[in-house]
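The values are calculated or read from the model by the stated rules, or taken from the named source; none is laboratory data. Computed from a predicted structure; not experimentally measured. In this analysis, Cβ positions are derived from the backbone assuming ideal geometry, glycine residues included, and neighbour counts consider all displayed protein chains.
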């Protein structure tokens with residue numbers, strides 16, 4: 001089973017965060033922040049498309065730029081880089097975003113095992129210029 005890392009941001013932030021144990025930080029502010037939610041959800045959708053469509057892939061440099069911008073936004077909300085990393089790397093948050101993204105894709109016609117169904121959604125996202133589409137490119 002594929003492990004969804006919302007935004008694949010954890011690997012990006014790992015380069016700038018120090019290792020440490022997770023804190024008992026209240027992440028409700030991040031969960032309720034419109035930008036955080038929208039961008040992490042869109043990145044989760046792009047990640048699922050990348051994993052299921054052989055003709056599209058994530059644009060890693062663009063993802064890196066978006067990740068740093070989103071981290072800066074989270075820091076402006078009062079969180080440390082370490083806290084942001086813990087939030088993004090949280091299994092509970094990954095599961096939460098998967099539980100939102102998968103039904104959204106299914107509602108749009110994505111079917112497990114049907115690569116073209118994911119590719120069609122990815123191409124549509126790219127054509128519309130959405131956040132998720134901006135993270136994808138042709139292989």
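General observations
- Restricting the first member to the stretch 118-139 and to residues that are at pLDDT below 95, and the second to residues that are assigned to a strand (DSSP E or B), the beta-carbon pairs closer than 7 Å and six or more apart or on different chains are 139/56; 139/57.
- Scanning the stretch 62-79 for residues being over 15 Å from residue 42 (Cα atoms) and in contact with a helix residue (DSSP H, G or I) (Cβ under 9 Å, 6 or more places away or on another chain) gives a total of 8.
- Inside the stretch 78-102, residues that are over 15 Å from the mean Cα position of the chain (by Cα) and either in a helix (DSSP H, G or I) or loosely packed, with under 15 Cβ neighbours inside 10 Å (or both) make up a count of 5.
- Test: residue in the stretch 111-119 that is out of contact with any strand residue (DSSP E or B) (no Cβ under 6 Å at 6 or more places or on another chain), surrounded by fewer than 17 Cβ atoms within 10 Å (Cβ to Cβ) and assigned to a helix (DSSP H, G or I): yes
- Filter pass, residue 106 being farther than 20 Å from residue 139 by Cα, at pLDDT 95 or above, part of a helix (DSSP H, G or I) and more than 15 Å from the chain's Cα centre (by Cα): yes
- Any hit, the stretch 51-61, residues being touching a helix residue (DSSP H, G or I) at 6+ places or on another chain (Cβ under 6 Å), assigned to a helix (DSSP H, G or I) and modelled with pLDDT of 95 or more: yes
- Scope the stretch 7-28; condition at pLDDT 50 or above and either surrounded by 14 or more Cβ atoms within 10 Å (Cβ to Cβ) or in contact with a strand residue (DSSP E or B) (Cβ under 6 Å, 6 or more places away or on another chain) (or both); matching residues: 8, 9, 25, 27
- The single residue among 123, 108 that is within 16 Å of residue 53 (Cα to Cα), in contact with a helix residue (DSSP H, G or I) (Cβ under 7 Å, 6 or more places away or on another chain) and surrounded by fewer than 19 Cβ atoms within 10 Å (Cβ to Cβ) turns out to be 108.
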